[in-house]
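Structure first, commentary second.
The values are calculated or read from the model by the stated rules, or taken from the named source; none is laboratory data. Please read these numbers as outputs of a predicted model, since none were measured by experiment. Please note: Cβ atoms are built from the backbone with ideal geometry, for glycine as well, and neighbour counts cover all protein chains shown.
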Amino acid sequence: MASGGVAVAASLLAMAPPAVAQTQTTTVEFSGTVDPTGEIRSVTDGTMTYTIDSQTGGFFNYGSPARVVVNVNNPSTWLVTITPPASFTTKPETFTGAATFFYRYALSGANTASTSSDLQIPTQFPLANSGETTVEIQSKALPQNPQSQPFTAGNYTLRLTVTISPTAGGATGIIGPTGTP
């Protein structure tokens, strides 16, 4: 009977439905860190337009703006600084005088600001919003002694410096409006 009982048990197992698979679930985690970043994406130089007038003999007036496109991902931790030039980068050898430089700016895109005033000192302002901001800058130059040392014929170049920086350091883009009397 023992062998008959084993035979019955074996035949019952053979007729039993197969075992049901159990569903199993697990989770996986992904992590990442966003570092505060800021970058100068593109720089386009501007121009100055030579204008003749009776008081100065002639000066470089505002022409097409220079453009600096910046992008930041962590607002309120980045600053834009515009620093005007102290002298021409290039000038004709025949111009021995000095010049006074002015600029004005306009921001568009993620951040907006502008001035129509003639500025001569560095300007700094925060980028309050994440994203891409276009900084447009126009510049002009007047001879300091127009009667005795007017601008002479030739090519002139000046450079303004645009810096984006977190609390320390920063990326700098130099833009160079140029003009020819």
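Among the residues of the range 115-126, is there at least one that is hydrophobic (A, V, I, L, M, F, W, C), part of a strand (DSSP E or B), in contact with a strand residue (DSSP E or B) (Cβ under 7 Å, 6 or more places away or on another chain) and buried (at least 19 other Cβ atoms within 10 Å of the Cβ)? Explain how you work it out, then say what you get.
Let us first name the residues in the range 115-126 that are hydrophobic (A, V, I, L, M, F, W, C), namely 119, 121, 125.
Adding the requirement that they be part of a strand (DSSP E or B) leaves 119, 125.
Keeping just the survivors that are in contact with a strand residue (DSSP E or B) (Cβ under 7 Å, 6 or more places away or on another chain) gives 119, 125.
Imposing the further condition that a residue be buried (at least 19 other Cβ atoms within 10 Å of the Cβ) reduces the set to none.
Scanning the range 115-126 turns up no residue that is hydrophobic (A, V, I, L, M, F, W, C), part of a strand (DSSP E or B), in contact with a strand residue (DSSP E or B) (Cβ under 7 Å, 6 or more places away or on another chain) and buried (at least 19 other Cβ atoms within 10 Å of the Cβ).
Select from the range 31-52 the residues that are more than 30 Å from the chain's Cα centre (by Cα) and either assigned to a strand (DSSP E or B) or modelled with pLDDT under 85 (or both) and list them in ascending order.
Once the filter is applied, which keeps residues that are more than 30 Å from the chain's Cα centre (by Cα) and either assigned to a strand (DSSP E or B) or modelled with pLDDT under 85 (or both), the range 31-52 yields only Thr51.
Among the residues of the range 59-109, what is the count of those that are outside any strand (DSSP E or B) and either closer than 18 Å to Thr44 by Cα or among the hydroxyl-bearing types (Ser, Thr, Tyr) (or both)?
11
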